[in-house]
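Notes for the one structure printed next.
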Amino acid sequence: MPYPYVLLSAAVSLDGYLDDTGPERLLLSSPADFDRVDEVRASVDAILIGAGTIRADNPRLLVNSPERRAARVAAGKPEYPLKVTVSGSGELDPTANFWHTGGEKVVYTTTEGALRLKETPVAADVVALGDSLDWRALLAHLHDVRGVDRLMVEGGGTIHTQLLLEGLADELQLVLAPLFVGDPSAPRLFGPGHYQSGRLRLVETRPIEDVVLMRYEPTAPGVGGLASAADRRWLALACELAALCPPSETAFSVGAVVVAQDGTELARGHSREGGDPVVHAEEAALAKIDPEDPRLPGATVYTSLEPCTRRASRPRPCARLILDAGVGRVVTAWREPDTFVAGADGSGVLAGAGVDVVVMPEYEGAAKGPNRHLVG
């Protein structure tokens, strides 16, 4: 199910704190960085903070620049992004600035929290997600019902931690401030948990006055049948690789990437790569990996078209190659049509053999692009 692009935004001290324990909020960003944050806010469809941040900081959460607000309106958007908060208990102060500034607001809560908010209402739409807060249901609702394509998350640390642990953060924008807090009771950006074991991808570093902006992308594949934000990035890459294929009237153009559990790219390939007129994308990628590589069982194969189960050009179809390699997870964008093989069901064959298969149809259009001459 499509989710918004989720951007986590935070500023921290050199020793990793979001704030100190004083009565006033600790300002970690520089004036120029506050303006950058305002620019990012103006670019998104919604901004989310946790109920704890409302209680601790009482923020207004606005786009401050009149020019940026005017540009949003000129582009057919609301003057302010949708403001979103999350509260399992529904214990929210109806007098907080959050409710009385900016445009539309929505609260995601539990069934119990929604009952409490009926007794003490706030100026916002209330969406109950059931007995517990479910981030995937929340993101799906934001995307499908509220039309949110880009979501900026400004805290607090618990919210950031949960989204990273569940693999739902597409990007982390972290500003490092040149000061120390040193108080173990002060709030930190991230709490304990099982994060991805590998390294995130550094997208950008930029000094802004005396602070430094660092932008990272998580790289670790999802787990089982649940898609992660990194799955979207890797599958998009597989679709881009499909465009590199020499055109053919008798075979699909397909791209594939093999990624280890920690987010390390092991290999990539595409159909008809290297002048081989019959090589398939998954076949080309897997051939570049040592079959004894211990990372293969935990790896994910990303392929723009589901792996084939029958082929005339080689004795082993791609589904069989994946099973023989011991790969336990496949993410694909497009189920194979009957153009060349009737009743192809690579996803079903793999799933029947115990492989976790994730189909992300929101990428089907990108996968079909290099094959328009075959399927219309």
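The values are calculated or read from the model by the stated rules, or taken from the named source; none is laboratory data. Keep in mind that this is a model prediction, so the values were computed, not measured. Don't worry about glycine lacking a Cβ; one is built from the backbone with ideal geometry, like all the others, and counts go over all protein chains shown.
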One residue from 226, 244, 235 being assigned to a helix (DSSP H, G or I), over 29 Å from residue 37 (Cβ atoms) and not basic (Lys, Arg): 235
Filter pass, residue 206 being of a type in the set (D, E, K, R), more than 12 Å from residue 6 (Cα to Cα) and assigned to a loop (DSSP other than H, G, I, E, B): no
Tabulated pairs, the stretch 89-104, first surrounded by fewer than 19 Cβ atoms within 10 Å (Cβ to Cβ), second small (Gly, Ala, Ser), C-beta under 6 angstrom, 6+ apart or interchain: 89/113
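Only one residue in 133, 151, 164 is in a loop (DSSP other than H, G, I, E, B) and in contact (Cβ under 8 Å) with a residue 24 or more places away in the chain, so which one is that?
On the way: 151 fails: in a loop (DSSP other than H, G, I, E, B); 164 fails: in a loop (DSSP other than H, G, I, E, B).
Selected residue: 133, the only one of 133, 151, 164 that is in a loop (DSSP other than H, G, I, E, B) and in contact (Cβ under 8 Å) with a residue 24 or more places away in the chain.
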Flag for residue 349 being within 20 Å of residue 227 (Cβ to Cβ) and surrounded by 14 or more Cβ atoms within 10 Å (Cβ to Cβ): no
Residue match in the stretch 204-217 (condition: in contact with a Lys or Arg (Cβ under 8 Å, 6 or more places away or on another chain) and at pLDDT below 95): no
Residue within the stretch 214-228 that is farther than 21 Å from residue 363 by Cβ, touching a residue at least 60 places away in the same chain (Cβ under 8 Å) and either in the same structural domain as residue 356 (by TED's automatic domain parsing) or buried (at least 16 other Cβ atoms within 10 Å of the Cβ) (or both) present: no
Scan of the stretch 83-112 for residues that are among the basic types (Lys, Arg) and either more than 21 Å from residue 162 (Cα to Cα) or touching a Pro at 6+ places or on another chain (Cβ under 8 Å) (or both), ordered by number: 105
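Okay, residues lined up against (1) within 26 Å of residue 222 (Cα to Cα); (2) modelled with pLDDT under 95; (3) assigned to a loop (DSSP other than H, G, I, E, B):
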position: 310; (1), (2), (3): no, yes, yes
position: 314; (1), (2), (3): no, yes, yes
position: 324; (1), (2), (3): yes, no, no
position: 330; (1), (2), (3): yes, no, no
position: 335; (1), (2), (3): yes, yes, yes
position: 362; (1), (2), (3): yes, yes, no
position: 365; (1), (2), (3): yes, no, no
Qualifying position, being under 20 Å from residue 220 (Cα atoms) and either crowded, with 24+ Cβ neighbours inside 10 Å or outside the structural domain of residue 239 (by TED's automatic domain parsing) (or both), among 298, 255, 263: 255
Test: residue in the stretch 269-292 that is in a strand (DSSP E or B) and touching a Gly at 6+ places or on another chain (Cβ under 6 Å): yes
